[in-house]
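Here is the structure we will look at, set down as structure tokens.
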Amino acid sequence: MSAEVPLGDIGAPDVADLLQPGQLAHRLPGQSVMEELLEVNGARDERGLLARVFGVSPLQPESRPWYSGAVGERAVGRTLAALGPEWSVLHAVPVGEKSSDIDHVVIGPTGIFTINAKHHPGQKVWTAKGTFMVAGSRYPYVRNAEHEAARAGKLLSSAVGHDVVARAAIVVVGAQQVTVKEKHRAVSVLTRNELLRWLTRKPVVLSTDQVAVLAAAAAEPATWCRTPSVLQEPAAVVQAFENLHRLVEQARRRRLCWALSVPAAVLASAAGILPPF
């Protein structure tokens, strides 16, 4: 098992290459959070031999939210990949002057959509009237999603020269249960299984030409940021993330093996099958 996560492969390309037209079309699902994760978690697997043997996670505590976010966005990205050629999908769209981004921007015959992926494995989700709760704790997801869609609509309107409206969706990934007690006014809460149907079964509101114009504008970094940020090479980012993901999964499997084998050994020893030492 390699102890090296090759973050050194993630180099900044020439600035001339960063601002090419349509640059955002090449970004991958979860790219922004993968970049943050790899920055926070460090360039190497710092675990010692015993830590690796016993399945200690290679993730630092402060990097776990980034890792979870990346897994969720990549899952939603796989779902969106099933949309047909009449659709345009952008991922990890940097917005504004800081490090914020929109997980997914989807443009197609039924409109313009901002998709926010939320990964809560094994948790119970409940939502109604602007409230979003995970395992009994409140999160400002609905307010944030509404603001994100309004901001996207404003920026795209400025780019194409006429008013456009973006609709918001929160897609919950990995939850044990999702209960939508009451629908929100401007934000839809969905599971991955509901996403494609929600997108494709709405009335057609955009022509092929309109989709093309909006998609071209959305793919321009300058549409979203006054000073487009330096964008890293997508292939290098995803390679480094997948190396780390492999180590995380190896550690998880080893913890599971230890959890199963230790009680079995204790029982076997008690039954006289194995010596106690």
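A short reminder: the numbers here are calculations on the coordinates, not readings from a lab. Computed from a prediction, not measured in an experiment: that's the story for all the values here. Here the Cβ positions follow ideal geometry from the backbone for every residue, glycine too, while neighbour counts run over all protein chains shown.
With all pairs of different C-alpha atoms in the average, the Kirkwood value for the hydrodynamic radius of region 68-208 is 15.4 Å. The stretch between Arg138 and Gln176, if pulled fully straight at 0.36 nm per residue, gains 12.0 nm over its current Cα-Cα span.
Using Cβ contacts closer than 10 Å as the measure, can you line up Met133, Met34 from fewest to most?
Fewest-to-most ranking of Met133, Met34: Met133, Met34.
In terms of its Cα atoms, region 154-249 spans 48, 42, 23 Å along the principal axes, sorted from long to short. Which net charge results for the neighbourhood of Ser99, defined as the other residues with beta-carbon distances under 10 angstrom from its beta-carbon, given Lys and Arg at +1 and Asp and Glu at -1? Neighbourhood net charge equals -3.
Only Cα pairs under 8 Å and at least 6 apart count here; give the relative contact order of region 31-162 as a rounded whole percent.
16 percent
When a footprinting reagent is the concern and you count Cβ atoms within 10 Å, what order do Cys257, Cys225 take, fewest first? The order, fewest Cβ neighbours first, is Cys257, Cys225.
Quick one: if the Förster radius is 45 Å, what FRET efficiency do Gln239 and Gln210 give, using the C-beta to C-beta distance and rounding to 0.05?
Values: r = 36 Å, r/R0 = 0.81.
Efficiency, from the Cβ-Cβ distance: 0.80.
A Förster radius of 30 Å, combined with the Cβ-Cβ distance separating Val165 from Arg64, puts the computed FRET efficiency at roughly 0.25. Under 11 Å from the Cβ of Gly77, count the other residues' Cβ atoms, weight Lys and Arg +1, Asp and Glu -1, and hand me the total. Once positives and negatives cancel, what remains is +2.
Placing a pseudo-label 7 Å from each Cα along the Cα-to-Cβ vector at Lys129 and Arg78 gives an inter-label distance of 3.8 nm.
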